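The structure under discussion appears below in the form of structure tokens.
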Amino acid sequence: MATQELKLMLPDIPNLHKLEVYKANGGYEMFRKALTMTPDEVTSEVKASGLRGRGGACFPTGLKWSFMPKNHNGPTYLAINGDESEPGSFKDRVIFEKNPHQLIEGILIANYAMGNAAGYIYIRGEYHRWVRCMQDAVDEAYSAGLVGEKMKETFGSDFSTEIYVHKGAGAYICGEETSLMNSIEGIRAYPRFKPPFPAQKGLWGQPTTVNNVETIATAPIILRMGGKEFSKIGAEGHSGTLLYGVSGHVNRPGVYELPTGLTLREIIYDVCRGVPGNKKVKAVIPGGSSMPVLSGDELDVRMDEESLKKVGSHIGTAGIMVMDEDTDLVKVLLRIARFYHHESCGQCTPCREGCGWMEKILKRMVAGNATVQDLDMLVTVADNIEGNTICALGDAAAWPVQGFVKKFRSEFEARVVKSRNFVPLNIVHGRRESVASIL
């Protein structure tokens, strides 16, 4: 069956989160294998696998590892992005809970390949339970001599590295790689200007590679299968399995490990057993709330980056959000816009001011007090945010607005009026406030 789960990342093994169970099922043997290879050979296997980042940008992982400078005069670092603050994304926490030692082994492999002194697992502040899960696993690994100075004796190698679990404060902006590094350093999580890029100047001014949790946890799988064999899984050019987080109007929501390249229709109807009440699908966001929405007529698109780009969207975090025929898409977009307005760090004027502007316009629309000019202004504001900010949060806020209005303009036009009706509500500072001005 095309939609059968492969279980490479989340095998059906009870208590796999415990060190003794993980080791009994081959755990840490792929790191031993890595130590028999040169660091460049490990990176070459990852390149051959075709693995692309699972955090949203889909950048080739092996190529990213190769950017780490050789023989650097000072320590280099790996930052593992487990902030997972993208609405609709909830896959990384499953790894923290179900298979944390595979992530630790992946960090060891990556740090060996790049010669890193330490890896920092950055987890969002609201993930209290999963921070504990991950910290418990790291503590187990240290006690067993699998991490830190004692690993030299355990593995019979001169290589050693440290691993730290870092709990963030729970801000969306910390999912951006340079904001994440600032947060780890204990300073305000403002995005940094690039260049210099993290591989040139990252944590504490030293070269740093930033990868997603799922990306790093895939490294042991690649060494076990071999890069070429791994590349045969899923879609050409975007190989492997993905942890699809499916939510919204489906009968069986959850996290499913499936190959890339499956269609949305297969995932929604074969894996998730369709829509409650056999209702039609009106809209689907394919990769977390920042990705441009697709209509119910586009369910045959394949879930890989290149296929989604052709229909004007991206795979993002593979967080699939399904909306049935009765969904009020104007309210959905307002909820999304409110989130990005709240989470904007305020550093860039287009994002700081534009996100609030878009939320106000959508509030007027939901209240039935917006005009056609407001709808046009909504799109104009989004267009002026996109590409004009230091980091991608501006794009993340703009893309949903652009996508929803483009794909469902008639639904938005049905919520506007020819002219705004100003109704006096109150006297504030000597002037009358209207519905429009307070919304």
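Structure notes:
- Over 31 Å [Cα-Cα, the chain], rounded percent: 43 percent
- Distance between the pseudo-spin-label points of ALA24 and ARG335 (7 Å out from Cα toward the beta carbon): 4.3 nm.
- For the stretch 19-231, taking the reciprocal of the average inverse distance between every pair of different Cα atoms yields a Kirkwood hydrodynamic radius of 17.0 Å.
- All C-alpha pair distances within the stretch 283-387, sorted into 5 Å bins from zero, spread as 2, 12, 19, 20, 20, 17, 8, 2 percent across the bins.
- Max mean-square fluctuation residue, GNM over the chain, Cα-Cα springs under 10 Å, options ALA398, ALA219, ALA199: ALA199
- Under 23 Å, Cα to Cα: Lys pairs in the stretch 1-75, sequence gap 8 or more or different chains: 11
- Peptides 249-261, 403-415 ranked from most to least packed, by the mean per-residue count of other Cβ atoms within 10 Å: 249-261, 403-415.
- Mean Cβ neighbour count within 10 Å, used as a protection proxy, ranking 131-142, 155-166 highest first: 131-142, 155-166
- Mean Cα-pair separation over length for the chain, i.e. relative contact order, pairs under 8 Å, 6 or more apart, %: 16 percent
- Helix screen, the chain: DSSP H segments with Cα axial length of 18 Å or more and mean Kyte-Doolittle hydropathy at least -1.0 are 100-114, 128-143, 329-343, 349-366, 372-385, 393-407.
- Extension gain, THR380-GLU153: 0.36 nm per intervening residue step, less the Cα-Cα distance, totals 75.6 nm.
- Antiparallel DSSP beta bridges within the chain, as percent of all bridges there, nearest 5: 45 percent
- Förster radius 60 Å - calculated FRET efficiency between ASN388 and THR36, Cβ distance, rounded to 0.05: 0.75
- In this structure, LYS280 and HIS166 have a Cβ-Cβ separation that, at R0 = 45 Å, corresponds to a calculated FRET efficiency of about 0.50.
- Comparing VAL210, VAL311, VAL401 in a Gaussian network model of the chain where C-alpha atoms under 10 Å apart are linked, the largest mean-square fluctuation is found at VAL311.
- With q set to 0.28, 0.29 Å⁻¹, the log10 of I(q)/I(0) for the stretch 81-142, from the Debye formula over equal scatterers at the Cα positions, is -1.26, -1.30.
- Volume per residue that the Cα convex hull of the stretch 234-324 spans, once the total is divided by residue count, Å³: 72 Å³
- The simple spin-label model puts a point 7 Å past each Cα toward its Cβ; for ILE13 and PHE193 those points are separated by 4.9 nm.
- Calculated FRET value between HIS128 and ALA414, using beta carbons and R₀ = 56 Å, to 0.05: 0.85
- If you run the Gaussian network model on the chain, springs between alpha carbon atoms under 10 Å, then out of THR389, THR154, THR317 the most flexible one is THR154.
- Were the residues from GLU353 through LYS406 laid out at 0.36 nm apart, the gain over their Cα-Cα distance would be 16.8 nm.
- In summary, the lysines within cross-link reach of LYS407, defined as a Cα separation below 23 angstrom excluding same-chain residues under 8 places away, comprise LYS279, LYS280, LYS282, LYS309, LYS310, LYS331, LYS360, LYS363, LYS418.
- Rounded to the nearest 20 debye, dipole of the chain from Cβ charges on Lys, Arg, Asp, Glu: 920 debye
Since every read-out is calculated from the coordinates, none of them should be taken as a lab result. Everything numeric here is computed off the predicted structure, so don't read it as measured data. Every residue, glycine among them, receives a Cβ derived from its backbone with ideal geometry; neighbour counts consider all protein chains shown.
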